[in-house]
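Student: Quick one: the structure is below, questions incoming.
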Amino acid sequence: MGHGERTAFENPVIEWIDSRLPIFTMMQKEYGVFPTPKNFNYFWNFGAIAMFMLVTMIVTGIVLAMHYTANTHLAFDSVERIMRDVNGGWLLRYIHMNGASFFFIAVYIHIFRGMYYGSYKRPRELLWILGVAIFLLMMATAFIGYVLPWGQMSLWGATVITNLFSAIPLVGDSIVTLLWGGFSVDNPTLTRFFALHYLLPFVIFAVVFIHVWALHITGSNNPLGIDTKGPQDTVPFNPYYTIKDSFGLVVFLMLYALFIFFMPNALGHPDNYTPANPLVTPAHIVPEWYFLPFYAILRAITFSIDIPFTDITIITAKLGGVIAMFGSILLWFVLPWLDSHPIRSAKFRPVFRYFFLLLLADFIFLGYVGSQPADATMFGLPLSVFGLGATAYYFAFFIVILPWLSKHEKGRELPASIHEAVLAKNKKKAVEISE
Amino acid sequence: MKKTLLSLLAVVTCAYSAPALASGGTEAPPHVHWEFSGPFGTYDRAALQRGLKIYREVCSSCHAVKHLAFRNLTDLGYNEEQVKAIAAEYTVTDGPDEDGEMFERPARPSDRFPSPYPNENAAKAANGVAPPDLSLIVKARHHGANHVFGILTGYEEAPEDHPLADGQHWNKYMPGHVIAMAKPLSNGQVTYEDGTIETVEQYAQDVAQFLAWASEPDLEARKRFGISALIFLAVFAGVMYRLKKAVWKDVH
């Protein structure tokens, strides 16, 4: 982004602009010749895919906002007007509605890829931290977005989640009043949520810009987790990764299209097609699927922490749940310091790999627990017991296992360079084919 | 790799949507074979027209379909004259006129179906519980059209140990079994002009299909669009794959 050496462009118009504002030089440097490790697998597509989803959400969202009415008496009907009377309205809304899910799918894969290959480690700590910030902003945006159609799950989901803040000692109730703009989730809540739902995506966009900027300072990690040592390890971003990302994106879009066109409501909840009614509580309030693991952690804490032999409660069960839920994500911010093992990629850390894959299964299981009613059972035991166990493993992984492994895991020998590893792999493949 | 992603997505979808579909304790409604299900399914126009007839003759005395306009009925295979004629059978309140008075006039295709009650309290006063608007009922219930079919065919005598209060009825497929609506359909109640059998099951199927259309009138356009979109994307993906192979040929 600096204004260092600049090679002149042949096209006089481009040259005229570039000599005044070197935007073409920058694009050329950051997306044209940008040296990128040549050994990426398809998990490295999901950054670009997430970016595409963000833009899709912003574009469809702006058009939807032209037709939407943020008023508790009109919001639900205005969404139905979009579905029925606006030209292509159903398409826009289903793209946006399922887009939230697919944005999260892309970002979850992106995050867990980063964890698996140690992309958070030195020198990419800040890049990782910015990513976690983006994830938190996405959660906030998605949550308030789900409130806008003003169905039953909008209202009651909003009521449950905003009520969580009341667990915070001293200021909790004031925070809740501020979120609500009154004393319950009502019209002032809806209007401020709409304003914020329009604002936050642009904040996300800005943080994504910084995230990508940071990426271009350190360069990308790669499946081997070793540094690039020279031009033999890299390929220019264009055309190699522009084409690979495009191919991955189109495959992803096929899955996305499958949902938009053939099961647009499969990821939603039927209750949100019933207009919000403060007098009728749905039997089973569940958040959107992408929040379920965290919802399970919230509900796993059903005990308070007391001072023994007194009536004094230090942390109520509710506050405990809130701390656990937010803590489970805030831990990601310090992940680079919890895991200080010098090897990045799980490929060369078999023990870490084992515990990490267990964490992944644990996270998906937590999602299942979060989707079930509070009184559900499994193998004759209350499901909440399993929820607590899964929550315990989640925290143990970050707080106990990672620091312990950092000190004690020996790890495998690293290849000398990306180039050599790729050559060795190709040779092995060639031998297999000739056999 | 692609396989891993696909199976991951499959696991995630099953884990999250399957439990959401099971509604606690009550038997799942029977699985009707709907013409509109599947990637190529379309609505059966004759069934939709019969369903409209049932809605108009039975359901509409208590249930509104406020998101539907008469003009939408062209989707059912009626021409504009027929739609005009159907609309004209209804009276709507319009105004205020030049003198500031509200007045009544026959409905036009651009009007929405008038609701049976002026407001929710009136609906509640007349029925004990306000009958839900039906324009989105199929999308607002687990099991969708099967649920509607189940409710309409699931009336039974209450078990002995389960006395019902006044205005309560027993339904096999209602979550919690107790429903405020009395059994609305009986054999031969509505006359079909096309010779279709006049049974409760047939009525229930027809009106459930009509309500499925009311919930999702653009279903057919959506699926058509989806087929073209997927074909386009598949071809595009194939081209990109070949291109990617060509570009990467000399690396390594």
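Computed from the coordinates by the stated procedures, all read-outs in this text should not be read as laboratory data. What you see is a predicted model; the values in this text were computed from it and never measured. Here the Cβ is made from the backbone with ideal geometry for all residues, glycine too, and neighbour counts use every protein chain on show.
Student: Within straight cross-link reach of A:Lys425, meaning Cα distance under 29 Å, which lysines are found once same-chain residues fewer than 8 apart are removed?
Tutor: A:Lys38, A:Lys121, A:Lys229, A:Lys244, A:Lys347, A:Lys410, B:Lys2, B:Lys3, B:Lys244, B:Lys245, B:Lys249
Student: Hand me the trypsin sites (Lys or Arg not before Pro) from the stretch B:160-252 located in a DSSP loop with no more than 16 other Cβ atoms within 10 Å, in residue order please.
Tutor: B:Lys172, B:Lys249
Student: For the stretch A:1-67, state which GluC sites (Glu not before Pro) are in a DSSP loop and have at most 14 other beta carbons lying within 10 Å of their beta carbon.
Tutor: Sparse-neighbourhood loop GluC sites (Glu not before Pro): A:Glu5, A:Glu10.
Student: Another question about this same structure. Let me spell out the model: positive unit charges on the Cβ of Lys and Arg, negative unit charges on the Cβ of Asp and Glu, origin at the Cα centre of chain B. What dipole size does that give, in debye rounded to 20?
Tutor: Value, rounded to 20: 1980 debye.
Student: Report, in deg cm²/dmol and to the nearest 500, the calculated mean residue ellipticity at 222 nm for chain A, where each DSSP H run with n ≥ 4 adds -39500 (n - 2.57) and the sum is divided by the residue count.
Tutor: Result for chain A: -20500 deg cm²/dmol, rounded to the nearest 500.
Student: What residues qualify as long-range amide H neighbours of A:Gly151, i.e. H under 5 Å apart, gap of 5 or more or another chain, H built at 1.01 Å from N?
Tutor: For A:Gly151, the qualifying residues are A:Ala276.
Student: I need B:Leu48, A:Leu292, B:Leu233 ordered by Cβ neighbour count within 10 Å, fewest first.
Tutor: The most exposed by this proxy come first: B:Leu233, A:Leu292, B:Leu48.
Student: Using +1 at the C-beta of Lys and Arg and -1 at the C-beta of Asp and Glu, which of B:Thr199, B:Tyr155, A:Val286 has the Cα lying farthest in the positive direction of the dipole of the protein assembly as shown?
Tutor: Checking the options against the dipole of the protein assembly as shown, the answer is A:Val286.
Student: Taking every residue in A:238-245, how many Cβ atoms of other protein chains lie within 10 Å of its Cβ, on average?
Tutor: 4
Student: Also, I was wondering about something else. Quick one: net charge of B:Val251's neighbours, Cβ under 13 Å, K/R +1, D/E -1?
Tutor: +4
Student: Taking a ≥ b ≥ c as the square roots of the Cα gyration tensor eigenvalues, with a/c under 1.5 meaning rounded and otherwise prolate when a/b beats b/c, else oblate, which class fits chain A?
Tutor: It is oblate, given that a/c is not under 1.5 and a/b is not larger than b/c.
Student: Shifting gears a bit: With unit charges on the beta carbons (Lys and Arg positive, Asp and Glu negative) and the dipole taken about the Cα centre of the protein assembly as shown, which residue among A:Ala392, B:Gln209, A:Tyr117 sits farthest to the positive side?
Tutor: A:Tyr117
Student: Hey, got the dipole for the protein assembly as shown? About the Cα centre, +1 on K and R Cβ, -1 on D and E Cβ, debye to the nearest 20?
Tutor: Working: 51 positive and 57 negative charges, 764 e Å.
Here the protein assembly as shown has a charge dipole of around 3660 debye.
Student: If you don't mind, another one. Among B:Asn187, B:Tyr173, B:Leu136, which residue has its Cα positioned farthest towards the positive end of the charge dipole of the stretch B:116-198, with +1 placed on the Cβ of Lys and Arg, -1 on the Cβ of Asp and Glu, and the dipole taken about the Cα centre?
Tutor: Of B:Asn187, B:Tyr173, B:Leu136, it is B:Leu136.
Student: Using the Cα centre of the stretch A:33-434 as the reference point, and only Cβ charges (+1 on K/R, -1 on D/E), how large is the resulting charge dipole? Debye, rounded to the nearest 20.
Tutor: 1500
Student: Please identify every one of the chymotrypsin sites (Phe, Trp or Tyr not before Pro) in the stretch A:357-386 that sits in a loop by DSSP and has no more than 12 other beta carbons within 10 Å of its own beta carbon.
Tutor: Sites meeting the loop and neighbour criteria: A:Phe379.
Student: I need to check one value: relative contact order of the stretch A:33-434, counting alpha carbon pairs closer than 8 Å and at least 6 residues apart, in percent.
Tutor: Normalised by residue count, the contact order of the stretch A:33-434 is 22 percent.
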